[in-house]
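The block underneath contains the structure these notes are about, expressed in structure tokens.
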Amino acid sequence: MTETASFVVVANRLPVDRVTNEGGQTDWRTSPGGLVTALEPVMRQRGGAWVGWHGAPDEIIDGFEHDGYSIVPVPLSSEEYEEYYEGFSNATLWPLYHDTVAFPEFHREWWDSYRAVNRRFAVAAAEAAAEGATVWVQDYQLQLVPQMLRELRPDLKIGFFLHIPFPPVEIFSQLPWRREILEGLLGADLVGFQVPGGASNFLRLVRTRTNRKIERDTVRVDGNHTCVARAYPISIDTQGFADLAESPEVIAEAEALREELGNPKQILLGVDRLDYTKGLRQRIRAIGELFQEGKLDPSETVFLQVATPSRERVEEYKRLRDDIDLLVGRINSEVGGVGRPAIVYRHAGYPRSTMAAMYRIADVMVVTPLRDGMNLVAKEYVACHPSTNGALVLSEFAGAALELKQAYLVNPYDLNGMKAALMQAATDPVRTRQRRMRALKKQVETYTIDRWAEDFLGDLDALS
Ligand code: ADQ
């Protein structure tokens, strides 16, 4: 690529996946996941370049234009995929940053690979960025990029946003490379977190582990460079989701889906990437017990759980998949519905329109992660559900709980508490549910993905 851009997003994955269509030709399709859902509309609106991996190891692909912006593919070898991505990113950092809900593994070769790949991303970003450009680095896979990029290109404005939680000092300090990661992040002019707790954990760590001077949210990194840490809760394209849910195709799909589920009186819905942070085991157990105890009647109520396949070669994820299959099978064999199971479990990804159809027909949306940076599914449900008659059951450990205070908040580790909240959400008087949903809708309509991007990029502009 010879042209450079004045706005560059750098993320582990590109927003598109390569697919082979029926004619055997290569096509590109929007890839799933929270980061892409959030940033794709920002990119479509602003234009520029997106630097990221294209999803096929050991392959080099040329850049191309997509939806009005440039795609800059960064190659990864199979070994790097294992060590940098599956290893350090997803078996070290991911569990460590999510309160160690699974055991983080520390391997020196994984770290070496993480550093090498981060350098490759930094070089690609430096090549893609015009003089004085704004470069926005995304997420835990690329925490060394800000410092590396600043060394290569001191003229750039560098922002970093962490989509997952930033852990407390005691947990982060387990990391053998804690100092390097902190220095990596401090290369940015602005580091954004989902919630204020993330920013304060980061500032506390910088204070504890480096000798830098900190004034309120600003770290003096060296002579003329400062790094600011603040919270910017991410959101969704609320109007886009609401319009999609109101389209005739989605309305028809929603009705067909309801029919397929046997026209139950009540539908409970869970939608997640299949990830141990999402609290699926606990959720399914709680709902299973409600069926077993007769509090939910399987002839009237269906629990539809959709889980997108995710990180399928990582051991923890294989175990989780087996556990969920077993759990759902056991409950369904004990409590039969009429001609259909009490729990309808689908291990698959769906187009956004199908997601909107599901959100439309869900009377109770169940979002109960053990820990989650934000959780966009909760916000998507609120945007898509057509009446104010729905109910959101939400974990207090999701970043979204700080904004969506009118949800039925639960501690997902407390099975009895979760069961009580689920029953309350399912049986509360219509008036109560409506009052809560109206407040939730107002929140997601006010604080949208555009606001998030404007707030972050506006601050970055003002700071550097
Ligand atoms: P994720 O952990 O991926 O995101 P989340 O925020 O809920 O979690 O986003 C998931 C996205 O994937 C949603 O847009 C949802 O619609 C989509 N999705 C889920 N299941 C799907 C399916 N079966 N088929 C199709 N699409 C599906 C990470 C962090 C979050 C943070 C986001 C954004 O872990 O805490 O909210 O990034 O910052």
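In table form, for the structure just shown:
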| item | result |
| --- | --- |
| Subset of the range 280-338 that is small (Gly, Ala, Ser) and touching a strand residue (DSSP E or B) at 6+ places or on another chain (Cβ under 6 Å) - its residue that is farthest from Arg360 (Cα to Cα) | Ser310 |
| Of the criteria (1) within 16 Å of the ligand (Cβ to nearest atom); (2) in contact with a helix residue (DSSP H, G or I) (Cβ under 8 Å, 6 or more places away or on another chain); (3) within 30 Å of Tyr447 (Cβ to Cβ), which one Glu249 fails | (1) |
| Test set (1) within 16 Å of the ligand (Cβ to nearest atom); (2) free of Cβ contacts under 8 Å to residues at least 24 places away in the same chain - Gln194 fails condition number | (2) |
| Subset of the range 343-379 (residues that are more than 9 Å from the ligand (Cβ to nearest atom) and part of a strand (DSSP E or B)) | Ile343, Val344, Tyr345, Val364, Met365, Val366 |
| Residues that are out of contact with any helix residue (DSSP H, G or I) (no Cβ under 6 Å at 6 or more places or on another chain) and more than 16 Å from the ligand (Cβ to nearest atom), drawn from the range 38-49 | Gln45, Arg46, Gly47, Gly48 |
| Boolean, Gly288 is more than 30 Å from Ser235 (Cβ to Cβ) and either in contact with a helix residue (DSSP H, G or I) (Cβ under 8 Å, 6 or more places away or on another chain) or in a helix (DSSP H, G or I) (or both) | yes |
| Within the range 133-170, considering residues that are surrounded by fewer than 18 Cβ atoms within 10 Å (Cβ to Cβ) and in contact with a helix residue (DSSP H, G or I) (Cβ under 7 Å, 6 or more places away or on another chain), the one nearest to Leu14 (Cα to Cα) | Leu152 |
| Selection count where residues are out of contact with any helix residue (DSSP H, G or I) (no Cβ under 9 Å at 6 or more places or on another chain), of a type in the set (A, V, I, L, M, F, W, C) and either closer than 16 Å to Pro57 by Cα or more than 16 Å from the ligand (Cβ to nearest atom) (or both), scope the range 8-37 | 2 |
| Of all residues making up the range 308-324, the number that are touching a residue at least 12 places away in the same chain (Cβ under 8 Å) and within 16 Å of the ligand (Cβ to nearest atom) | 10 |
| Single residue of the range 291-303 satisfying the filter (touching a residue at least 40 places away in the same chain (Cβ under 8 Å) and out of contact with any helix residue (DSSP H, G or I) (no Cβ under 7 Å at 6 or more places or on another chain)) that is nearest to Tyr81 (Cα to Cα) | Val302 |
| Residue count, the range 214-233 (criterion: acidic (Asp, Glu) and modelled with pLDDT of 95 or more) | 2 |
| Residue selected from the range 16-49 under the condition of a type in the set (Ser, Thr, Tyr) and within 21 Å of Ala348 (Cα to Cα), by the criterion nearest to the chain's Cα centre (by Cα) | Thr37 |
| Strands (runs of 3 or more DSSP E) contained entirely in the range 1-78, each with at least 3 residues that are surrounded by fewer than 15 Cβ atoms within 10 Å (Cβ to Cβ) and either without any contact (Cβ under 8 Å) to a residue 60 or more places away in the chain or in contact with a Pro (Cβ under 8 Å, 6 or more places away or on another chain) (or both) | 26-30 |
| Hey, Arg352 in the same structural domain as Phe291 (by TED's automatic domain parsing), at pLDDT below 95 and within 25 Å of Asn389 (Cα to Cα) or not | yes |
| Number of positions in the range 380-391 that are over 22 Å from Lys419 (Cα atoms) and either in contact with a strand residue (DSSP E or B) (Cβ under 9 Å, 6 or more places away or on another chain) or assigned to a helix (DSSP H, G or I) (or both) | 4 |
| Residue that is nearest to the chain's Cα centre (by Cα) [pool: residues in the range 99-132 that are among the polar types (S, T, N, Q) and buried (at least 21 other Cβ atoms within 10 Å of the Cβ)] | Asn118 |
| Condition broken by Leu394, with the remaining ones in (1) part of a helix (DSSP H, G or I); (2) without any contact (Cβ under 8 Å) to a residue 40 or more places away in the chain; (3) of a type outside the set (D, E, K, R) satisfied | (1) |
| Tally of residues being surrounded by fewer than 21 Cβ atoms within 10 Å (Cβ to Cβ) and more than 14 Å from the ligand (Cβ to nearest atom) across the range 268-305 | 11 |
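Per-residue answers, yes or no, for (1) over 24 Å from Trp50 (Cα atoms); (2) touching a Leu at 6+ places or on another chain (Cβ under 9 Å):
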site: Gln138; (1), (2): no, yes
site: Gln141; (1), (2): no, yes
site: Met148; (1), (2): no, no
site: Asp155; (1), (2): no, no
site: Phe160; (1), (2): no, yes
site: Pro165; (1), (2): no, no
site: Glu180; (1), (2): yes, yes
site: Arg204; (1), (2): yes, no
site: Val221; (1), (2): yes, yes
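The values are calculated or read from the model by the stated rules, or taken from the named source; none is laboratory data. In this text the structure is predicted, and so the values were computed from the model without any measurement. Virtual Cβ from ideal backbone geometry, glycine too; neighbours counted across all protein chains shown.
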